[in-house]
Amino acid sequence: MSRLNERYEAFVHGYDKGKLLIIDVDNLDFVDKPEDLGIVLNKIDAEINGLF
């Protein structure tokens with residue numbers, strides 16, 4: 001898992017093909033808490049529609 005995380009971090013750090021949305025979900029439980037899922041979806045929607 002740590003190697004997968006390292007590769008992911010390297011990919012994100014070098015990504016330059018377009019906009020990148022990073023959502024810190026360490027303190028969210030978007031599987032079991034609908035309100036947390038709403039937070040994630042709102043962030044995605046805002047990025048796609050340029051609201052914020």
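What follows is calculated from the coordinates using simple rules that are stated; it is not laboratory data. Given the structure is predicted, the values throughout are model-derived calculations rather than measurements. Counting neighbours? That spans all protein chains shown, and the Cβs are built from the backbone with ideal geometry, glycine included.
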Sort out which residues of region 22-39 are assigned to a loop (DSSP other than H, G, I, E, B), surrounded by 10 or more Cβ atoms within 10 Å (Cβ to Cβ) and not acidic (D, E), and write them in order of number. I23, V25, L28, F30, K33
Failed condition for K19, given (1) assigned to a helix (DSSP H, G or I); (2) in contact (Cβ under 8 Å) with a residue 24 or more places away in the chain; (3) surrounded by fewer than 10 Cβ atoms within 10 Å (Cβ to Cβ): (1)
Quick check on this structure: which one of N42, N49 is among the polar types (S, T, N, Q) and surrounded by 10 or more Cβ atoms within 10 Å (Cβ to Cβ)? N42
